[in-house]
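This report refers to the structure that appears directly beneath it.
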Amino acid sequence: MEQNNMQDLLKRYLAGNCTPEECAQVQLWYELLESKKAAVNEEDLEEDLIEVRTRLVKSLRKERRPFRYPAVAAAAAVLITISIGTYFYVNYRSSGNPPETNKLLSNAADIAPGRNIATLQLGDGTEIALDDQANGAIAKAGSNTIYKNANGQLTYVATESKGEETETPVSNSLKTPRGGQFQLTLPDGSKVWLNAASQLTYKISKTSHERLVELKGEAYFEVAKDASRPFKVLSKGQVVEVLGTHFNVSSYDDDPSVKTTLAEGTVKIIETDRYRNVVLEPGQQATLDSGSRLSVAQVDVSDAIAWKNGKLNFNQSDIYAVARQLSRWYNIDVVFKGKAANVRLSGEVYRNTNASKVLEILSFYNLNCRIETDNGVKRIVIE
């Protein structure tokens, strides 16, 4: 099956350019929707597509029935107009048999996706578990009041003061565990989305000549413009300097490289070992590898920030990179048994999907994926 999203597949179906396997997928999808007799929306398509592929695996083993082209084509013409935001590419050897879908939950409970969980550490060392806090004011930091808002957001709001103010800078840290995420608005108005298993440390100060934050893990930044105070992100082996822009930094310790992707504006990346630097333009990604080599490539920015938009994204990712994403988001260890298949996975799936659904999709790559429980502890096994 070619690597095309569902919109392209439907267009090619109407044009008569689909392979028999693709025609089967469209027909099965149509039959599923027809049986539901309900309106189609973007969030429902994820479940539908998984079921379609499961049925497709079975149908390909049987003698194919004649296609009901007119009826299916009419439905396809309508479906093309729908924005299909979730898809996953399915690849298997054309000369072999499609794999059977694993029964992931026969002996183990499912694994829920991550959610808005984080811990805020104040300058005096006080730690606040944000998921335990009600919405509203939760603490003070210098001349700012910290508010927890709905939907996992933390905001610093300056407190009105009279006369000239002198303020001692204090450092705060926001930390997400595996299976957590959170959004932060800094005192200068800059917005930060913090991914799972990450930590952002930042100073609260009106008088500092620069805005410096330290990142461990991954975050997406929308930096408020302030020409008099550059914004700097210190991460593993590099410093990112900006004035006002949108960009993503992924700097997990267990990843082989640090990736900085620019969505808007301009950023300068300084490699801290040999002090080499590059300037990125929108649509470019800088990669700093373990040998302190810095390179730049043109990329699809949406791939890098998919997590911020509520999706797990794989773009020709090796299975180990996929496993790291799953481990962080589902707060679970991923164990490989035997030598992992040398496959590259492409596609995306909503992050609010239970782990079993993601593993069902991975099984189409000839991977045996399952959830196991050992002494009460769950884990994902891939072999």
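The values are calculated or read from the model by the stated rules, or taken from the named source; none is laboratory data. Small disclaimer: the values here were computed from a predicted structure and weren't measured. All Cβ positions, even for glycine, are placed from backbone atoms using ideal geometry, and neighbour counts span all protein chains on display. Just so you know, the surface numbers come from the protein's heavy atoms only, side chains and all, with ligands and any DNA or RNA stripped out. Shrake-Rupley method; radii C 1.70, N 1.55, O 1.52, S 1.80 Å.
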| Filter result for Ala304 (crowded, with 17+ Cβ neighbours inside 10 Å, in contact with a Ser or Thr (Cβ under 9 Å, 6 or more places away or on another chain) and either within 28 Å of Arg115 (Cα to Cα) or modelled with pLDDT of 95 or more (or both)) | yes
| request: Find the residue count for the stretch 132-150, including only residues that are touching a residue at least 40 places away in the same chain (Cβ under 8 Å) and either part of a loop (DSSP other than H, G, I, E, B) or not hydrophobic (A, V, I, L, M, F, W, C) (or both). | output: 3
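Which one of these is on the phi > 0 side of the Ramachandran plot and under 18 Å from the mean Cα position of the chain (by Cα): Gly217, Gly189, Gly265?
Answer to the check: Gly217.
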| query | Of the numbered conditions (1) in a loop (DSSP other than H, G, I, E, B); (2) of a type in the set (A, V, I, L, M, F, W, C); (3) open to solvent by 40 Å² or more (accessible area, probe 1.4 Å), Val157 satisfies every one except a single condition; which is it? | reply | (1)
| Filtered residues of the stretch 189-215 (kept if in contact with a Phe, Trp or Tyr (Cβ under 8 Å, 6 or more places away or on another chain) and of a type in the set (D, E, K, R)) | Lys191, Glu210, Arg211, Glu214
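With the requirement that a residue be open to solvent by 80 Å² or more (accessible area, probe 1.4 Å) and assigned to a loop (DSSP other than H, G, I, E, B), what does the stretch 236-265 give you? Walk me through it before giving the result.
As a first pass, look at the stretch 236-265 and keep what is open to solvent by 80 Å² or more (accessible area, probe 1.4 Å): 243, 253-254, 256, 264.
Correct list: Leu243, Asp253, Asp254, Pro256.
Just to be sure, is Thr373 open to solvent by 50 Å² or more (accessible area, probe 1.4 Å) and at pLDDT 85 or above? Please lay out each step first, then the result.
Details: open to solvent by 50 Å² or more (accessible area, probe 1.4 Å): yes; at pLDDT 85 or above: yes.
When the stated conditions are applied, Thr373 passes them.
Kindly indicate whether Lys311 is basic (Lys, Arg) and exposed (fewer than 14 other Cβ atoms within 10 Å of the Cβ).
Numbers: basic (Lys, Arg): yes; exposed (fewer than 14 other Cβ atoms within 10 Å of the Cβ): no.
Spelling it out, it is not the case that Lys311 is basic (Lys, Arg) and exposed (fewer than 14 other Cβ atoms within 10 Å of the Cβ).
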| What single numbered condition from (1) open to solvent by 10 Å² or more (accessible area, probe 1.4 Å); (2) closer than 19 Å to Tyr275 by Cα fails to hold for Glu210? | (2)
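Quick grid of which residues meet (1) closer than 19 Å to Gly152 by Cβ; (2) of a type in the set (A, V, I, L, M, F, W, C); (3) surrounded by 20 or more Cβ atoms within 10 Å (Cβ to Cβ); (4) in contact with a Ser or Thr (Cβ under 7 Å, 6 or more places away or on another chain):
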{"position": "Asn315", "(1), (2), (3), (4)": "no, no, no, yes"}
{"position": "Tyr320", "(1), (2), (3), (4)": "no, no, no, no"}
{"position": "Ile332", "(1), (2), (3), (4)": "no, yes, no, no"}
{"position": "Val335", "(1), (2), (3), (4)": "no, yes, no, no"}
{"position": "Leu345", "(1), (2), (3), (4)": "no, yes, yes, yes"}
{"position": "Asn352", "(1), (2), (3), (4)": "yes, no, no, no"}
{"position": "Phe364", "(1), (2), (3), (4)": "no, yes, yes, no"}
